[in-house]
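Engineer: Pasting in a structure now, in structure tokens, and then I'll have a few things to ask.
Coordinate-derived values only; no laboratory data. In this text, all values refer to a predicted model and were calculated from it rather than measured experimentally. In this analysis, Cβ positions are derived from the backbone assuming ideal geometry, glycine residues included, and neighbour counts consider all displayed protein chains.
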Amino acid sequence: MFASLGLIVIIVGAIVGQSRYARILAKQRNAESRYMPEYEASYVPRGLRRTDTFVSHLSHRGGPDIDNANDAAPHVRAAYFRAVALDVPAPPAPGVLPGVPTGSDAVGHVPPDHAGA
Amino acid sequence: MTDITSTAPSNGVIRCTACGASETRPDGEWLVCAYCRHRWLPQRTDAPWQSDGDIGTLMGTEIHAGAAAGTGSRLVTLECSGCGAEVGINTDLNLHARCHWCRHELSLNAPVDNGAVPDAILPFAISREDAQARMWSYVASRWEFATAGFKADFATYPIAAVYLPYFIVDGNVTVRLDGQAWVQKGAFVRRDAPDLYETDIYAVMREADLEVDDLAIEARSTRSRLYSAVSTTNIINALQPFDVKNALPFDARYIGPDVNFEPRDTEVDTAMSTAAGLFATMARGYVAQTLTGYTGHTRWDAEQVAIRGTRWVSMLLPVWLYGYQESTPRGPMMHYIAVNGRTGEVQGSVPVDQGHAKAAGWKLGLAIAAFAIPCVLIDVVLFAASGLAAH
């Protein structure tokens, strides 16, 4: 029994030693440092629209987190990325339906070609 | 894309506000008259990088003169034969230079196109002595595992003052993010099978309108590529932010005899995609506060950036730089230690003495493993005792 305990301690020692080496390399090389515009750049949010739609319930084995979660790495682009330069203002909404933004309220409106995922 | 603004940067003579002499030298942000010693701060008014109230009305692409094409006369750019970098000098004050990246002596025989005269310059606020002290403080905590060659070089080699080119961008954008998120509802721990998790799946969409003010983007292509496996240019990137609101209209006199600059080689068209990526990053950071309920995290599958308007200004930003080339089995690798010339922030990469670092890891591992020896000895003694008892 004590020999098994000794073996475990030796394995733990090897892991801790390797981890110490990796920490030294990371500190010296500083490879993960980057400019973090999400915290350090100046911006003013003018509007936020959100939808949260329940899709399904899942019973599953494996980890408790979603596969390929990327919310902790905002600097890594998603699988689909599109940037569109709109050189002209969006056309004003007709304004005949209740609730449709018009005039200056329509500035925050995203044109149809941009709205699809 | 429309070129809305064509205000040329000031290349005319700047005269002393006291005596009218045109011979001046910079002292930090200030200019000092060579004749009457009068000090004054150049005017900052009406500069495009200082306005932040009209970003919401930006439409189209507004490119200021320094961010468009053009050439400067007194500023000469030399190509380094060592690493290929392009280093600029002010020939009014300086006729020789050394590459601040790899330290090769530069030759006036290899001048290249100068690029455009920038719109603005942010003078150094951190002195050489202060920058050196900050670098020493940074390196001190990494000294133990630094290579011997680096230690000898760092102790003696002077640091360089460099102006690096950036685009300063204001943006009026809408960013839409689509993805999936999980909410953990619990887990069943099973004795002879893997744990079973219960999860609710949601389709999430976030759309944010952002008015971005003074986002800095590297305008030198070789510095904006971040391949950390083979280079340490991420160090330069991480030096931001700079207080660009305090920038002054460009004046070549700020590029003194001991100062180099790098010309811009990136155009607005190319940098636009980088800017769009950074806008998306900022939106991701902003909407993170709305995702705290998703305990199983979020996967963004699609990011779309609609850019209504941008304003582009080119600017030289101050950096104190120390460079050291390490020879590795995979080839040479440049390590940089850089100090933000305005805020004093230090970022750096120090070459590792691999043998020393591995030994430190082994020592700790062996120290822990040493606890195994008593365990084994106790087991041996117990085994022997049980053998004796059997006899």
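Engineer: Can you tell me the FRET efficiency between A:Ile11 and B:Glu23 if r is taken as the Cβ-Cβ distance and R0 is 60 Å, rounded to the nearest 0.05?
Structural biologist: 0.25
Engineer: Neighbour counts of other C-beta atoms within 10 Å: give me B:Phe145, A:Phe54 arranged from fewest to most.
Structural biologist: With the sparsest Cβ surroundings first, the list reads A:Phe54, B:Phe145.
Engineer: If neighbour count is taken as other Cβ atoms inside 10 Å, put B:Tyr336, B:Tyr35, B:Tyr166, B:Tyr138 in order from fewest to most.
Structural biologist: Ascending Cβ contact count within 10 Å gives the list B:Tyr35, B:Tyr138, B:Tyr336, B:Tyr166.
Engineer: Expressed as a rounded percentage, what relative contact order does the range B:49-352 have, with Cα pairs under 8 Å and six or more residues apart?
Structural biologist: Averaging sequence separation for qualifying contacts and normalising by length gives 32 percent for the range B:49-352.
Engineer: Okay, next question. For the range B:305-313, in order, what is each residue's ³J(HN,Hα) by Karplus, 6.51 cos²θ - 1.76 cosθ + 1.60 with θ = phi - 60°, in whole Hz (x at glycine and Pro)?
Structural biologist: Each residue of the range B:305-313 in turn: 10, 9, 9, 7, x, 9, 10, 10, 10 Hz.
Engineer: Then there's this: Could you list which residues have their amide H under 5 Å from that of B:Thr61, counting only those 5 or more apart in sequence or on another chain, with H placed in the peptide plane?
Structural biologist: For B:Thr61, whose amide H was placed from the backbone, the distant partners under 5 Å are B:Thr2, B:Thr310.
Engineer: How would you rank A:Leu58, A:Leu86, going from fewest to most other Cβ atoms within 10 Å of each one's own Cβ?
Structural biologist: A:Leu58, A:Leu86
Engineer: With a ≥ b ≥ c taken as the square roots of the eigenvalues of the C-alpha gyration tensor of the range B:257-308, please select rounded if a/c is under 1.5 and otherwise prolate if a/b is larger than b/c or oblate if it is not?
Structural biologist: prolate
Engineer: Straight distance only, please: which lysines reach the Cα of B:Lys151 with their own Cα at less than 23 Å, same-chain residues fewer than 8 apart left out?
Structural biologist: Straight-distance partners of B:Lys151: A:Lys27, B:Lys358.
Engineer: Assuming 0.36 nm per residue, please report the length gained on full extension of the stretch B:His104 to B:Ala133 beyond their Cα-Cα distance.
Structural biologist: 7.9 nm
Engineer: Here's a follow-up. Round to the nearest 0.05 the FRET efficiency obtained for A:Ala73 and B:Lys185 when R0 = 35 Å and r is the Cβ-Cβ distance.
Structural biologist: In this case the efficiency is close to 0.85.
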